[in-house]
Amino acid sequence: MENITSFTWRRLKNRYNLVGKKCNNCDSVYFAPRMICSKCNPPQETVDFKLSGLGEVVSFSLVNVPPEEHAAMAPYVLAIVQLKDGPKLTTQIVDCTEKEMKIGMPVEAVFRKITEDGNGLISYGFKFRPLLNGRG
Ligand code: ZN
């Protein structure tokens, strides 16, 4: 029971704070989080690391036909974002049309609705949006 509770809490904490993992031995940052740094020999345990949420667009594409649970959001822009902290992630870009998207565009993490199942169950998580001028 103890393990299930702490696992759920860890998942929640990661979801609400954009927390990754960092290896204190070689400074590698992981997101999605990994418990073990595989770049080190011998492998090292990682520690929680709060990501800045800042990054830039590496590539992107317009999704017209998404998986069923995301159908209500289509069309939307899906991008690979290189975080300033090191890791890359695939994420939805919001507050921006496909025509406004540029490779190298600075973006920031925002907390948004991810899915809605039609029965009132809504899940939230991180998406990214263009970093506004004069910020960051
Ligand atoms: Zn390491």
Members of the stretch 44-97 found to be in contact (Cβ under 8 Å) with a residue 40 or more places away in the chain and among the β-branched types (Val, Ile, Thr), listed by number: Val57, Val58, Val81
Identity of the residue in the stretch 63-101, under 16 Å from Leu18 (Cα atoms), polar (S, T, N, Q) and at pLDDT below 95, that ends up surrounded by the fewest Cβ atoms within 10 Å (Cβ to Cβ): Thr90
I'd like to verify a number: residues in the stretch 23-33 that are near the ligand (Cβ under 10 Å from one of its atoms), at negative phi and open to solvent by 50 Å² or more (accessible area, probe 1.4 Å), how many? 3
Please verify whether the stretch 76-97 includes one or more residues that are in a helix (DSSP H, G or I) and over 16 Å from the mean Cα position of the chain (by Cα). no
Residue check, Ala72 out of contact with any helix residue (DSSP H, G or I) (no Cβ under 6 Å at 6 or more places or on another chain), assigned to a loop (DSSP other than H, G, I, E, B) and more than 17 Å from Glu100 (Cα to Cα): no
Being more than 16 Å from the ligand (Cβ to nearest atom), at pLDDT 95 or above, not in a strand (DSSP E or B) and not hydrophobic (A, V, I, L, M, F, W, C) narrows Gly134, Gly104, Gly120, Gly55 down to just Gly104
Out of everything in the stretch 58-88 that is of a type in the set (Asp, Glu) and more than 22 Å from Leu131 (Cβ to Cβ), what residue ends up being farthest from the ligand (Cβ to nearest atom)? Glu68
Could you tell me which residue of the stretch 36-52 is least open to solvent (accessible area, probe 1.4 Å), considering only residues that are more than 12 Å from the ligand (Cβ to nearest atom) and in a loop (DSSP other than H, G, I, E, B)? Leu51
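The values are calculated or read from the model by the stated rules, or taken from the named source; none is laboratory data. Predicted model, so just to flag it, every value in this text is computed and none were measured. Using ideal geometry, Cβ is built from the backbone for each residue, glycine included, and neighbour counts are taken over all protein chains shown. We work out accessible area using only protein heavy atoms, side chains counted, and drop any ligands, DNA or RNA first. Shrake-Rupley method; radii C 1.70, N 1.55, O 1.52, S 1.80 Å.
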